[in-house]
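Everything on this sheet refers to the single structure shown next.
The values are calculated or read from the model by the stated rules, or taken from the named source; none is laboratory data. Keep in mind it's a predicted model, so treat the numbers as computed, not measured. As a convention, Cβ positions derive from the backbone with ideal geometry for all residues, glycine included, and neighbour counts pool all protein chains shown. Side chains included, ligands, DNA and RNA excluded: accessible areas come from the protein's heavy atoms. Shrake-Rupley method; radii C 1.70, N 1.55, O 1.52, S 1.80 Å.
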Amino acid sequence: MRCPFCAHEDTQVKDSRPAEDGTAIRRRRQCAQCGARFTTFERVQLRDVTIVKAGTDGGPQRREPFDRAKLERSVALACRKRGIEQEQIDQLVSGIQRQVETAGDAEVPSSKIGELVMDGLRQIDSVAYIRFASVYRDFSEARDFEEFASTVQEAAKE
C-alpha cells in the first residue's frame, strides 16, 4: 500500500481488527520511509454495480459506478450533530451496500438507493430521516417539510 503522505511503496501493517460488524477489516499502517501512520479499510466487493440516475428535465439517464464513500457522506451529512455514532452510520451503509451487491442486478436505479437510505434513517433518527428526505425528495418550501414531518409523526404513533 502506498503511503498517502510521501507516496513511498513500502508500508507495514501495525494492527488489524474487524470493523463494521465484521464486514470490513481496519488496518493501521506505518510508512517505512517517513514514519507516518494511517488507517485503511478492506471490504469484500461482490460485484461492480452501476447506479442509474434519472436525467434532468427529460434528458438522458446518467450512469456512474456505485461509490460507498459518496453514500457514506450523504448519510453522515443527514446525521450531522444528531449524536449518532459513526458505527451506526457504517452499519447502515454496509447494509445498503450488501443489499445492492447481492440483489443480482448490475444496474440499480438511484431511487432504490434513496429508498434504502430513508428506510434505514427512519429507524435510527427521525430528524436525520427528514433531512435526507428533504434533499432526496427535493423539498422546495416550508410546507413540504410540514407535510412530511406530520406523516413521520403519525407513523411514530402507530
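Using the alpha carbons alone, the radius of gyration of segment 44-87 stands to its Kirkwood radius in an Rg to Rh ratio of 1.12. Scanning the chain for cysteines with no neighbouring cysteine C-beta under 4.7 angstrom from their C-beta gives Cys79. Hey, could you grab the Kirkwood Rh for the chain? Inverse mean 1/r over distinct alpha carbon pairs, Å, one decimal. Over the chain, the inverse of the mean reciprocal pair distance is 18.1 Å.
Within the accessible surface of segment 1-53, defined with a 1.4 Å probe on protein heavy atoms only, the carbon and sulfur portion equals 44 percent. Ligands, DNA and RNA are left out, and with a 1.4 angstrom probe the accessible area of segment 1-126 is 63 Å² per residue. Translational diffusion of segment 94-158 was estimated from the Stokes-Einstein equation, with Rh taken as the Kirkwood radius over Cα pairs; at 20 °C and 1.002 mPa s the coefficient is 165 µm²/s. Approximating the spin labels as points 7 Å out from Cα along Cα→Cβ, the Thr56-to-Arg98 distance works out to 3.6 nm. In the frame of its principal axes, segment 2-54 has Cα extents of 46, 26, 15 Å, reported largest first. Element breakdown for segment 92-158 at a 1.4 angstrom probe: carbon and sulfur atoms account for 48% of the accessible area.
For segment 50-134, applying the loop criterion from DSSP together with a ceiling of 12 other beta carbons within 10 Å to the GluC sites (Glu not before Pro) yields Glu85. Once the other residues with Cβ under 15 Å from the Cβ of Phe132 are scored (Lys, Arg +1; Asp, Glu -1), what is the net sum? Around Phe132, the charge tally is +3. Between helix 110-124 and the chain there is an angle of about 90 degrees, using the helix long axis and the longest principal axis of the Cα atoms. Could you tell me how many degrees, from 0 to 90 and to the nearest 10, lie between the Cα long axis of helix 68-79 and the main elongation axis, the longest principal axis, of the Cα atoms of the chain? The angle comes out at about 50 degrees. Of the peptides 76-84, 145-153, the ranking by mean beta-carbon count within 10 Å, highest at the top, reads 76-84, 145-153. The separation of segment 89-154 from segment 50-86, counted between C-alpha centres, amounts to 10 Å.
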